[in-house]
Amino acid sequence: MARRWTNDLTRADITPENLFVNRRQIMAGLAGAGLAGLVGNTAQAQEALEPNSFEDIASYCNFYEFGTGKGDPSQYAHLMTTEPWSVKIDGMVDKPGDYALEDILSEMTIEERIYRFRCVEAWSMVVPWNGFELADLLQMAGVQEGAKYVSFETLYRPAEMPGTAVPVLEWPYREGLRLDEAMHPLTLMATGLYGKPLPNQNGAPLRLVVPWKYGFKSIKSIVRITLSDQEPPTSWNMANPREYGFYSNVNPNVNHPRWSQASERPLGGGIFAKRKPTLMFNGYEEEVASLYEGMDLREFF
Ligand SMILES: Nc1nc2c(c(=O)[nH]1)N[C@H]1C(S)=C(S)[C@@H](COP(=O)(O)O)O[C@H]1N2
Ligand SMILES: [Mo]
């Protein structure tokens, strides 16, 4: 079902010139195989992705279990114990159970992927993730016929998570994807940043990354993955269904009820850095638009 995503850009490829040559080679190599569309050959996609610094990525975070300030997670997330770690995989799978993280990792291929990141609050950054495809994990557990959705839960351990004393969201933090979104080769389970283990504040030891959706879909510190035939509840939708829909695809044409989503402020350029236009599906339109063919994206926002 899932096809491996063949664009293997690394940090060595970030200058525009290298990126261009690299992409042309990729395109040439794939054209014969009929997979060229997976790479995305728009002018926008060819723009160089200059990653934000490790420092920026690890210090400006959202992880409400540790507080609602952007600096709270980096200050308090060290309180969270991430060893040992296991993930319960249940619901409509052939092999439900508690999987020890090291057993999962021994089965997975870890690679580096540089992805655009776009928060619903309109800031953005570029992140070099290390991780594996969620599709590989789901296939390992054996997705049953009839499963249509995947839901995720974050660790809920109040003694190590001072932010959970405040009922800003219903805990545990929950997110969900449609099965085809979950199986898409761009959908990553991240285990690291810049080749280093994921900092706790960024969702150690295992967090979701869905680059064409707003950042809040990228649930952190995952302890449970459930397959079902029903659309699952999600924390932000439960908290405010008018502002946060199930899909939450990055879409410059559908505004958040309280602000425009047409442009973004790239982090790291200083507060006077120019806003830039937000791209449809965060720049991954060629890869993912077909998932939503025929859907009214204003209704399913
Ligand atoms: N468990 C959990 N996951 C979470 C959040 C959270 O509060 N709790 N915040 C989300 C939001 S709003 C964003 S923008 C991203 C931020 O990821 P980062 O801090 O690694 O940049 O994490 C998402 N995942
Ligand atoms: Mo966010």
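The values are calculated or read from the model by the stated rules, or taken from the named source; none is laboratory data. Here the structure is a predicted model, which means the values were calculated and not measured. Heads up, the Cβs are rebuilt from the backbone with ideal geometry, glycines too, and the neighbour counts pull from every protein chain shown.
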Notebook entry, point to check: Within the stretch 156-170, is even one residue assigned to a strand (DSSP E or B) and within 16 Å of ligand 2 (Cβ to nearest atom)?
Noted result: no
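Within the stretch 153-193, can you find the residues that are among the β-branched types (V, I, T) and surrounded by 20 or more Cβ atoms within 10 Å (Cβ to Cβ)? Steps first, answer last, please.
First pass over the stretch 153-193, keeping only residues among the β-branched types (V, I, T): 154, 164, 166, 168, 187, 191.
Those that are among the β-branched types (V, I, T) and surrounded by 20 or more Cβ atoms within 10 Å (Cβ to Cβ): T154, T164, T187, T191.
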Next item on the list: Out of the residues in the stretch 97-151 that are over 30 Å from A48 (Cβ atoms) and either part of a strand (DSSP E or B) or modelled with pLDDT under 95 (or both), state the one that is nearest to ligand 1 (Cβ to nearest atom).
Entry: S151
Notebook entry, point to check: Which of the residues belonging to the stretch 210-220 are surrounded by fewer than 23 Cβ atoms within 10 Å (Cβ to Cβ) and of a type in the set (A, V, I, L, M)?
Noted result: none
Note to self: What's the total number of residues in the stretch 57-77 that are within 14 Å of R157 (Cβ to Cβ) and more than 9 Å from ligand 1 (Cβ to nearest atom)?
What the structure shows: 2
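Here is a yes/no grid of residues against (1) hydrophobic (A, V, I, L, M, F, W, C); (2) farther than 30 Å from G67 by Cα:
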site: D98; (1), (2): no, no
site: L101; (1), (2): yes, no
site: L105; (1), (2): yes, no
site: E111; (1), (2): no, yes
site: Y115; (1), (2): no, no
site: G131; (1), (2): no, no
site: E170; (1), (2): no, no
site: R178; (1), (2): no, no
Notebook entry, point to check: Does at least one position in the stretch 114-131 carry a residue that is more than 16 Å from ligand 2 (Cβ to nearest atom), farther than 30 Å from G268 by Cα and surrounded by fewer than 21 Cβ atoms within 10 Å (Cβ to Cβ)?
Noted result: no
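Residues that are within 13 Å of ligand 2 (Cβ to nearest atom) and over 29 Å from Y76 (Cα atoms): which strands (runs of 3 or more DSSP E) entirely in the stretch 172-279 hold 2 or more of them? Walk me through how you get there before you give the answer.
Details: elements: 174-178, 188-193, 207-209, 222-228, 263-266.
Filter on the stretch 172-279 gives an empty set.
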